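The values are calculated or read from the model by the stated rules, or taken from the named source; none is laboratory data. Values in this document were obtained by computation on a predicted structure and should not be read as measured data. Positions of Cβ are generated from backbone atoms using ideal geometry, with glycine treated the same way; all protein chains shown enter the neighbour counts.
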Amino acid sequence: MAAVRYRWPKGKRSAAVLSFDFDAESGFIFREPEKARRSLADLEERRFGPRVGVDRILRLLDRLKLRATFFIPGWTVVNHLAPSKRIRDAGHEVGAHGNVHEAVGFLDEAQEKTILQQQLAILKDQLGVVPAGYRSPSWDVNVWTPALLKTHGFRYDSSLMGNDVPYALDTPAGPLTEVPVQWIMDDAPLFRHVYGATNAIADPGRVLQMWSKEFSAMHRENGCFVLTCHPFISGRASRVQLIEDLVRAMRRQAGVWFTTCEEVAQWHEKH
Ligand SMILES: [Zn+2]
């Protein structure tokens with residue numbers, strides 16, 4: 001038998017997290033503020049998330065009896081408070097995800113700190129949530145970001161691709177746990193229609209096969225499988241069905257720890 005590469009609780013072989021980035025219109029407003037003032041088409045595409053996608057995903061998670069991790073920008077909390085509260089009230093983990101989905105590569109350290117404090121205040125005031133975790137908008141992270149997160153009380157970040165098991169980022173303020181992500185398990189490059197981009201809209205059957213293969217291989221490698229989906233993209237009917245089919249296939253393997261990013265980070269810190 002191969003050596004255990006990473007030790008999971010109760011002798012489990014791998015960990016699996018469903019994570020959802022509830023962006024709604026925020027990313028569009030940050031990247032294209034001019035267009036966001038006039039393009040109802042672009043706004044409505046993203047409003048599908050709060051209007052339909054979130055509740056469809058919540059019903060899925062209820063059917064599967066799974067707790068998931070939702071990363072929500074401050075802007076989305078303020079502008080879509082009811083669905084944000086339904087996520088919290090269903091018992092899912094809520095993490096931070098920027099204020100107006102700022103890609104921090106555009107920010108200096110002082111600006112990034114201000115925006116971090118703004119999003120924390122909104123999560124606290126509107127939802128009563130003090131998040132353990134942070135996912136950077138667009139998976140954009142500056143070299144100083146981990147220390148900022150650590151000094152603002154975060155236990156973990158989930159935005160980097162430097163491993164496929166949890167690992168520690170050294171910061172001057174002490175270690176910050178990373179719950180790593182990867183492009184293969186992000187719905188946006190597969191499903192998002194962007195004019196002029198090389199990717200076409202993927203067949204859910206192909207994506208199920210791709211994600212199932214990635215999961216099976218990571219399971220053998222004692223990996224931490226973190227799926228990242230967006231309610232405005234994966235809240236579409238056939239894609240919610242895809243997530244359900246994927247989880248049912250994963251459950252046919254023995255020894256999968258279905259959990260949240262926060263519980264993965266807690267486990268990593270203790271062991
Ligand atoms: Zn996002």
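Look through region 185-221, keep the residues that are acidic (D, E) and either assigned to a loop (DSSP other than H, G, I, E, B) or without any contact (Cβ under 8 Å) to a residue 40 or more places away in the chain (or both), and return whichever of them is surrounded by the most Cβ atoms within 10 Å (Cβ to Cβ).
D187
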* Asked: Residues of region 217-247 being more than 16 Å from the ligand (Cβ to nearest atom) and more than 14 Å from V17 (Cα to Cα), which ones?
  -> A217, R220, E221, R236, A237, S238, R239, V240, Q241, L242, D245
* Return yes when V130 is modelled with pLDDT of 95 or more, within 15 Å of the ligand (Cβ to nearest atom) and over 13 Å from the mean Cα position of the chain (by Cα) and no when it is not. => no
* Condition broken by D23, with the remaining ones in (1) within 15 Å of the ligand (Cβ to nearest atom); (2) modelled with pLDDT under 95; (3) charged (D, E, K, R) satisfied -> (2)
* What number of residues within region 137-166 are touching a residue at least 60 places away in the same chain (Cβ under 8 Å) and within 16 Å of A16 (Cα to Cα)? -> 4
* To do: List every residue pair whose Cβ atoms sit under 9 Å apart, with the two residues 6 or more apart in sequence or on different chains, where the first one lies in region 224-236 and is in a loop (DSSP other than H, G, I, E, B) and at pLDDT 95 or above and the second, anywhere, is surrounded by 23 or more Cβ atoms within 10 Å (Cβ to Cβ) and of a type in the set (A, V, I, L, M).
  => G235/V54; G235/I57
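Suppose the filter is modelled with pLDDT under 95, more than 16 Å from the ligand (Cβ to nearest atom) and under 21 Å from G235 (Cβ atoms); does A188 pass it?
Considered against the rule, which asks whether it is modelled with pLDDT under 95, more than 16 Å from the ligand (Cβ to nearest atom) and under 21 Å from G235 (Cβ atoms), A188 comes out as no.
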